[in-house]
Amino acid sequence: MKHAVRVAGIDHTFWCDEKDSLLTGILKVNSNGIPAGCRGGGCGVCKVEILSGEFSTGCMSGAHVSAEDREQGKLLACRVYPRSDVEIRVIGKMMRRFERAA
């Protein structure tokens, strides 16, 4: 099942399948200049803030996502899987490039 993912601040929406991470969904629609990093939850490049919606997560490096980050919905897009429509804000190292590419 696919869900709408709205990117706050740049008014951009894309569709992401439940089996795909948010990062995979972003890269499918616009990989132009967006750094992806390790894609395994270890480098912290793809940090986003989940503003609304339901999702599940995979393992992420504690060096890049603290317990406080988790409580605030600040997670790595490569390890977040949508379970409903979600709204995110890009806050990691890819923010500047994502805004230019979108």
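Only one of (1) in contact with a helix residue (DSSP H, G or I) (Cβ under 9 Å, 6 or more places away or on another chain); (2) of a type in the set (D, E, K, R); (3) modelled with pLDDT of 95 or more fails for residue 19. Which number is that?
(1)
Restricting the search to region 10-23, which residues are surrounded by fewer than 13 Cβ atoms within 10 Å (Cβ to Cβ) and either farther than 16 Å from residue 89 by Cβ or aliphatic (A, V, I, L, M) (or both)? It would help to see each step written out before you state the result.
Of the residues in region 10-23, the ones surrounded by fewer than 13 Cβ atoms within 10 Å (Cβ to Cβ) are 11, 13, 19.
The answer is 19, and nothing else.
Let's see how each residue does on (1) loosely packed, with under 14 Cβ neighbours inside 10 Å; (2) among the charged types (D, E, K, R):
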residue	(1), (2)
5	no, no
8	no, no
25	no, no
39	no, yes
44	no, no
47	no, yes
71	yes, yes
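Can you name the residue in region 27-37 that is assigned to a loop (DSSP other than H, G, I, E, B) and crowded, with 17+ Cβ neighbours inside 10 Å and, of all such residues, is modelled with the lowest pLDDT? Reasoning before the result, please.
Here is the first cut: in region 27-37, the ones assigned to a loop (DSSP other than H, G, I, E, B) are 30-37.
Next, from what is left, pick out any that are crowded, with 17+ Cβ neighbours inside 10 Å: 34, 37.
Numbers: 34: 56, 37: 75.
Here the answer is 34.
Can you confirm whether residue 5 is under 11 Å from the mean Cα position of the chain (by Cα), part of a strand (DSSP E or B) and either among the hydrophobic types (A, V, I, L, M, F, W, C) or at pLDDT below 90 (or both)? Full working, then the answer.
Values: under 11 Å from the mean Cα position of the chain (by Cα): yes; part of a strand (DSSP E or B): yes; either among the hydrophobic types (A, V, I, L, M, F, W, C) or at pLDDT below 90 (or both): yes.
The answer is yes for residue 5.
The values are calculated or read from the model by the stated rules, or taken from the named source; none is laboratory data. Just so it is clear, the structure is predicted and the values come from calculations on it, not from any experiment. Neighbour counts are summed over all protein chains in view; Cβ atoms, including those assigned to glycine, are modelled from backbone coordinates with ideal geometry.
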